[in-house]
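The block underneath contains the structure these notes are about, expressed in structure tokens.
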Amino acid sequence: MPALAEGVARFRRDAFPAKAELYARLATHHDPHTLFIGCSDARVVPELLTGAEPGDLFVIRTAGNLVPAHGLAADGVAASIEYAVAVLGVRSIVVCGHSACGAMTALAEGHDLGGAPAVAAWLRHADASRARAANDGGVPALVRENVRAQLANLATHPSVARALVAGEVTLHGWVFDIAGGRVEDLTGADDGEGPATPQPRRADRRPTPHPGP
């Protein structure tokens, strides 16, 4: 905890002054261009990975970057997706998996999760991912197929489905290689340097700014 407190002090002393004007605008404007859905893994930092500024990304992080398919029961992931798409009007959605993912490793290697029943139940949202990777039991293959499966789950959410039909949002599937620092684009042409960059929302389509949540 002392390290975190010192980090806050450094932010206030060294980082904030250079971006004071940006934060002043962000205090009353909330208009991110991209919904970034990534893993809760501490080694994957969306803003660092993408070079994003404060206010650029609306971030959801879950174990295994899992996105439950739309259902009748409301949950935090579904509510966040709906808010980002229907209220904030993001133009791009990224689902980002990563190498050495603990959730995917547990599934691929059949780890005993008896002592973590909540984790075991949550990972059932990767059942389709496991089916997709059935012919290749390795972790890298499961990580990739899991990203594709979660993109399919995303499209079951009404707000996303409507935006896709209207051409108002694009979906991107990425895999981040921790050791190499490379991001593989699973949903577009890879030029060898990295993924296609999600585009900021066009100014003429920008909704009324929202300061929250």
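Taking the range 136-146, which residues are open to solvent by 60 Å² or more (accessible area, probe 1.4 Å) and assigned to a helix (DSSP H, G or I)?
Selection gives Pro140, Arg144.
Quick one: what pairs do we get from the range 33-53, first residue under 20 Å from Val169 (Cα atoms), second among the polar types (S, T, N, Q), C-beta under 7 Å, 6+ apart or different chains?
His33/Ser92; Thr34/Ser92; Ile37/Asn65; Gly38/Asn65
Do any residues in the range 163-187 that are polar (S, T, N, Q) have Cβ atoms under 6 Å from those of residues that are buried (at least 16 other Cβ atoms within 10 Å of the Cβ), where the two are at least six apart or on different chains, and which pairs are they?
Thr170/Ser92; Thr187/His172; Thr187/Gly173
Kindly list, by first and then second residue, each pair from a residue in the range 71-95 that is among the small types (Gly, Ala, Ser) to a residue that is modelled with pLDDT of 95 or more, limited to pairs with Cβ atoms under 6 Å and residues at least 6 apart or on different chains.
Sorted first by the residue in the range 71-95, then by its partner, the pairs are Ser80/Ile60; Ala84/Leu35; Ala84/Phe58; Ala84/Val90; Ala86/Ser159; Ser92/Thr34; Ser92/Thr170.
Val95 versus (1) open to solvent by less than 30 Å² (accessible area, probe 1.4 Å); (2) at pLDDT below 95: which is the lone unmet condition?
That leaves (2) as the condition not met.
Determine which member of the set Ala149, Ala133 is at negative phi, open to solvent by less than 30 Å² (accessible area, probe 1.4 Å) and more than 19 Å from the chain's Cα centre (by Cα).
Result: Ala133 is the single residue among Ala149, Ala133 that is at negative phi, open to solvent by less than 30 Å² (accessible area, probe 1.4 Å) and more than 19 Å from the chain's Cα centre (by Cα).
Tell me which residues, restricted to the range 61-86, are open to solvent by 20 Å² or more (accessible area, probe 1.4 Å) and in contact with a His (Cβ under 6 Å, 6 or more places away or on another chain).
His70
Is it true that some residue in the range 17-35 is in a loop (DSSP other than H, G, I, E, B), touching a strand residue (DSSP E or B) at 6+ places or on another chain (Cβ under 6 Å) and not polar (S, T, N, Q)?
The answer is yes, given that some residue of the range 17-35 is in a loop (DSSP other than H, G, I, E, B), touching a strand residue (DSSP E or B) at 6+ places or on another chain (Cβ under 6 Å) and not polar (S, T, N, Q).
Looking at the range 1-43 only, could you name the residues that are among the aromatic types (Phe, Trp, Tyr) and over 15 Å from Asp56 (Cα atoms)?
Phe11, Phe16
Within the range 98-125, track down each residue that is outside any loop (DSSP other than H, G, I, E, B) and surrounded by fewer than 20 Cβ atoms within 10 Å (Cβ to Cβ).
Gly102, Thr105, Pro117, Ala118, Val119, Ala120, Ala121, Trp122, Arg124
The values are calculated or read from the model by the stated rules, or taken from the named source; none is laboratory data. What you see is a predicted model; the values in this text were computed from it and never measured. Positions of Cβ are backbone-derived with ideal geometry, glycine not excepted, and every protein chain shown enters the neighbour counts. Keep in mind that these areas ignore ligands, DNA and RNA; they rest on the heavy atoms of the full protein, side chains included. Shrake-Rupley method; radii C 1.70, N 1.55, O 1.52, S 1.80 Å.
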